[in-house]
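Step one of this worksheet: look at the structure below.
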Amino acid sequence: MNFHQEEPRHEPYSPQRVEAFSDGVFAIAVTLLILDVRVPRGLPETTRLIDALLANWPSYFAFLTSFATIGIMWVNHHRLFGCIARADHGLLIWNGLLMLGITFVPFPTALIAE
């Protein structure tokens, strides 16, 4: 007779927690993108608002392309995590490197907009 009951096994890293953390990183990166889109200020009275907005088109273009890039990466990330049954240390490292790339996107976006 075995009176010793085994403790339930807990995975050290659940894929759901890794995915939730990653979603937060994606959300912050997308939020940072919009911070470089500025409202035109200090315009001469002879300047129409539409002209000032159109002059800022590189910022809008950079925002839209980077938003689309991060959006595509987010969709692919979710598709990939739909196939992952368990997470290990290696997955955390690779996912961390992906998050590093995601958080870098706002910098070249700002650079291109300038």
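A compact table of results
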{"item": "Neighbour-count order for GLU19, GLU114, fewest beta carbons within 10 angstrom listed first", "result": "GLU114, GLU19"}
{"item": "C-alpha long axis of helix 89-104 to longest principal axis of the chain, angle in °", "result": "10"}
{"item": "Helix 15-34 vs. the chain, principal-axis angle (Cα, 0 to 90°, nearest 10)", "result": "10"}
{"item": "Taking the convex hull of Cα positions in the chain, its mean projected area over all directions (nm²)", "result": "10.2"}
{"item": "Length released on extending from ARG79 to VAL37, taking residue separation times 0.36 nm less the Cα-Cα span", "result": "12.1 nm"}
{"item": "Nearest-ten-degree value, helix 57-81 long axis tilted from longest Cα axis of the chain", "result": "10"}
{"item": "Those trypsin sites (Lys or Arg not before Pro) in region 48-114 that DSSP places in a loop and that have at most 13 other beta carbons within 10 Å", "result": "ARG48, ARG86"}
{"item": "Contour minus Cα-Cα distance for GLN16 and ILE112 (0.36 nm per residue)", "result": "31.1 nm"}
{"item": "Along each principal axis, Cα extent of region 59-114, largest first, Å", "result": "42, 19, 7"}
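Since every read-out is calculated from the coordinates, none of them should be taken as a lab result. Everything numeric in this text was worked out from a predicted model, so none of it was measured. Using ideal geometry, Cβ is built from the backbone for each residue, glycine included, and neighbour counts are taken over all protein chains shown.
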